[in-house]
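Below is one structure, written out as structure tokens; the observations come after it.
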Amino acid sequence: MPELPEVEITRRHLEAAMTGRRLTSVQVNHPRTARFNASISEVEQRLEGRTVVSVGRRGKFLVIELDDGHTVVGHLGMSGRFAVAPPLSGVAKHTHLTAMLDEGSELRFIDPRTFGFISVLDEDELGESGLARLGPDAWAEPPTPDEMARDLQGRTASIKALLLEQGIVAGLGNIYADEALHVAGIHPLRPGGDIGLEEVARLLEAIGSVLDVAISKGGTTLGDLAYLLPDGQAGENLSSLRVYGREGEPCPACGTAVERTIVRARSTHYCPSCQT
């Protein structure tokens, strides 16, 4: 599933392509893409003729402001991606939304597994959406160590599970939670409430450094090619991963074999020696 770095890279591409552009026509081809609106036609009607004011991001969500006060909230799900292409170029299979921009290019949302979505919300709907329940952005506006330690206090769930919940920090998923915990030297199964202030500070620093590297390399494209940049290129961060997906391989810090367990139905990778 695309996480914060992949969504941030996508945001930058869309910001360059869409800011100040008017959506002259919109077609949604799959009901799941529009499932958080009343209908496909509501999404199409709320988008057509509107001009994009800004393209932002909150955690794993794209947040696009329109000139009439509506907000587009997009999520890439497990396999979603955006492409900006000439209108006559070949359309990829599983393209579920197509929007013509006034300068002539097409915005396309491609999502083979249909876990992603595009919603267009008014102010009240936005206030009741999942965005309102997100914690601070893990990269753009992370909490202070004191704030995060306060939020972890008394929590018995594992720190990996708490990072995946998006309420303490928003944007981390399976890949970068594993990577940050390894850099910080914290075992993924440790209860969140057992992690002290110094370790919290170390974890926040690790989160920032892991995300910085991933963003600089265009995100992580795995072997299934589920994530691609809007220009069709693959992200180049896979070779930088220290533990994720490397079960049985030597830890880059100490040489101990990386182990794998399951947290909240997600594969979790860690070094049993470095992460205590």
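General observations
- Structural descriptor for the chain: relative contact order 18 percent, calculated from alpha carbon pairs under 8 angstrom and at least 6 residues apart.
- The amide H of residue 167, built 1.01 Å from its N in the peptide plane, has 135 as neighbours under 5 Å, considering only residues 5 or more places off or on other chains.
- Summing +1 for each Lys or Arg and -1 for each Asp or Glu among the other residues whose beta-carbon sits under 12 angstrom from that of residue 94 gives +4.
- Spin-label pair residue 247-residue 22: with each label point 7 Å from Cα along the Cα-Cβ axis, the two points sit 5.5 nm from one another.
- Accessible surface of the chain [probe 1.4 Å, protein heavy atoms]: carbon and sulfur percent: 49 percent
- Only lysines eight or more places from residue 93 in sequence, or on another chain, were considered; those with a Cα closer than 29 Å are 60, 217.
- Per-residue accessible area (protein heavy atoms, 1.4 Å probe) orders 61, 82 as 61, 82, starting from the largest.
- Around residue 171: net Lys/Arg minus Asp/Glu count, Cβ-Cβ under 9 Å: 0
- For residue 139, neighbours were defined as the other residues whose beta-carbon sits under 15 Å from its Cβ, and their charges (Lys and Arg +1, Asp and Glu -1) total -2.
- Relative contact order, percent, segment 1-63 [alpha-carbon distance under 8 Å, six or more residues apart]: 47 percent
- Of 60, 160, 93, the order by accessible heavy-atom surface (1.4 Å probe, DNA, RNA and ligands excluded), from most exposed downward, is 93, 60, 160.
- Working note: Cα gyration tensor of the chain, eigenvalues times five, square-rooted, sorted largest first, giving semi-axes of 35, 21, 15 Å.
- Coordinate range along principal axes, alpha carbons of segment 128-250, Å, largest first: 43, 43, 20
- Equivalent ellipsoid semi-axes, segment 182-229, via Cα gyration tensor eigenvalues times 5, rooted, Å: 28, 13, 7
- The helix-based estimate of mean residue ellipticity at 222 nm for the chain, built from -39,500 (n - 2.57) per DSSP H run of four or more residues and divided by its residue count, is -8000 deg cm²/dmol to the nearest 500.
- Heavy-atom SASA rank of 128, 247, 6 (probe 1.4 Å, accessible area, largest first): 128, 247, 6
- Per residue, the chain exposes an accessible area of 43 Å² to a 1.4 Å probe, with every protein chain left in place.
The values are calculated or read from the model by the stated rules, or taken from the named source; none is laboratory data. Since the structure is predicted, the reported quantities are computational estimates derived from the model, not experimental observations. Positions of Cβ are backbone-derived with ideal geometry, glycine not excepted, and every protein chain shown enters the neighbour counts. Each accessible area value is taken on the protein alone, full model and side chains, heavy atoms only, with ligands, DNA and RNA left out. Shrake-Rupley method; radii C 1.70, N 1.55, O 1.52, S 1.80 Å.
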